[in-house]
Amino acid sequence: MLKNRHVTGWLQAAPLSLVLIGFLILPIVTIVIVSFWRATEFSIIPAFSLENYEFLFGSQVTYRVFLATFKYAAITWALTLLIGFTVAYYLAFHIRSQTVQIALFLLCTIPFWTSNIIRMISWIPFLGRNGIANSALISWGVIDEPLEWLLYSDFSVILAFVHLYTLFMVVPIFNTMMRIDRALIEAAYDNGASGFQTLRHVIFPLTKPGIMIGTIFVLTLVMGDFITVRFMSGSQKANVGRLISNDIALLQYPSAAATAVVLLCTVLIVIGVLLRFVDIRKEL
């Protein structure tokens, strides 16, 4: 009987295992293998070599680009956390009607009804030198000449990131807040806790798993993104995703694979460190 159950368990897990192996494990293994190959201007040589990693770690450009990537990820994470926590808190604790909660939550998803590229490019006419923002500020007398840093700058890149990925922070935090037992909050108020004390000592600790899931989503998306940096910086800024994209455009697949492996390891290390502080298994 136990043997039959064991076989049945393996058979039930086999379809998902095959999907994960075929669409996750094998592509990653292939990228790792290709990262050790050599490439010339005209061909790829499938021979073991460390020159891609030697060039990658020996270049100051690599460290500057990784630093810029971490900067984008950190600032975007902080802003999305602030906005996401505020929105989720308002929906979870200030909206009593479940129907209104659902309606407002769906309202937050409306931007996702269009593609990321369309939502990102829509900022360009708004932030441009002769765009809506500069025209409005000049007409109000706030500035005398257009602000050049609104577009094709770090500001526009981070603004687009926040716009694109805030919902990935709102959803898990809101889901976690909805699971909080309201009796705990009432008990905190009954014991004389203020609103801020209740938020700090009751709501925030219980929301950490949702915050951590949102953090993982936002960090991985921002660190792997390249199209947003390209368009919103006017190709004046770079991140790791753009390094990989440029290598692929030049048919330097081994170099692109090596950069992708380093990025993957970096993201996994960051996620591993984050998971040491919060157990998210009960949220999954």
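The values are calculated or read from the model by the stated rules, or taken from the named source; none is laboratory data. What you see is a predicted model; the values in this text were computed from it and never measured. Neighbour counts run over all protein chains shown; Cβ positions are idealised from the backbone, glycine included.
Candidates L18, L56, L50: the one that is within 30 Å of G210 (Cα to Cα) and either surrounded by fewer than 11 Cβ atoms within 10 Å (Cβ to Cβ) or not basic (K, R) (or both) is L18.
Each residue in the range 141-153 was checked for being farther than 28 Å from M169 by Cα and outside any helix (DSSP H, G or I), and 7 of them qualify.
Among the residues of the range 88-98, at least one is among the β-branched types (V, I, T), in a loop (DSSP other than H, G, I, E, B) and surrounded by 12 or more Cβ atoms within 10 Å (Cβ to Cβ).
Okay, residues lined up against (1) under 17 Å from M212 (Cα atoms); (2) in a helix (DSSP H, G or I); (3) in contact with a helix residue (DSSP H, G or I) (Cβ under 6 Å, 6 or more places away or on another chain):
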{"position": "S156", "(1), (2), (3)": "no, yes, yes"}
{"position": "F161", "(1), (2), (3)": "no, yes, yes"}
{"position": "V171", "(1), (2), (3)": "yes, yes, no"}
{"position": "A193", "(1), (2), (3)": "no, no, no"}
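The residues on offer are T69, T80, T114, T62, and the sole one that is more than 29 Å from I203 (Cα to Cα) and touching a Gly at 6+ places or on another chain (Cβ under 9 Å) is T69. Being out of contact with any Ser or Thr (no Cβ under 6 Å at 6 or more places or on another chain) and either surrounded by fewer than 18 Cβ atoms within 10 Å (Cβ to Cβ) or among the hydrophobic types (A, V, I, L, M, F, W, C) (or both) is the requirement here; does D190 meet it? Here the answer is yes, as D190 does meet what is asked. For the range 115-156, the set of residues classified as more than 27 Å from A68 (Cα to Cα), loosely packed, with under 11 Cβ neighbours inside 10 Å and not hydrophobic (A, V, I, L, M, F, W, C) consists of N130, S139, G141, D144, E145, listed by residue number. When residues in the range 13-70 are screened for being outside any loop (DSSP other than H, G, I, E, B), small (G, A, S) and without any contact (Cβ under 8 Å) to a residue 60 or more places away in the chain, 5 of them pass. Out of the range 23-47, which residues are surrounded by 15 or more Cβ atoms within 10 Å (Cβ to Cβ), in contact with a Phe, Trp or Tyr (Cβ under 7 Å, 6 or more places away or on another chain) and not β-branched (V, I, T)? Within the range 23-47, F36, A39 meet the criteria. From I138, I102, I110, I117, grab the single residue that is in contact (Cβ under 8 Å) with a residue 60 or more places away in the chain, among the β-branched types (V, I, T) and assigned to a helix (DSSP H, G or I). After applying the criteria, what remains is I117. So, in the range 121-135, how many residues would count as being closer than 14 Å to F155 by Cβ and assigned to a helix (DSSP H, G or I)? Residues meeting the conditions: 6. For the range 152-171, taking the residues that are aromatic (F, W, Y) and farther than 14 Å from V218 by Cβ, the one that is farthest from the chain's Cα centre (by Cα) is identified as Y152. Evaluated against (1) closer than 18 Å to L91 by Cβ; (2) buried (at least 22 other Cβ atoms within 10 Å of the Cβ), R179 falls short on exactly one condition, (2). Cβ-Cβ distances below 7 Å connect the following pairs, each with a first residue in the range 213-238 that is among the aromatic types (F, W, Y) and assigned to a helix (DSSP H, G or I), a second residue that is crowded, with 18+ Cβ neighbours inside 10 Å and at pLDDT below 90, and a separation of six or more residues or different chains: F231/M120.
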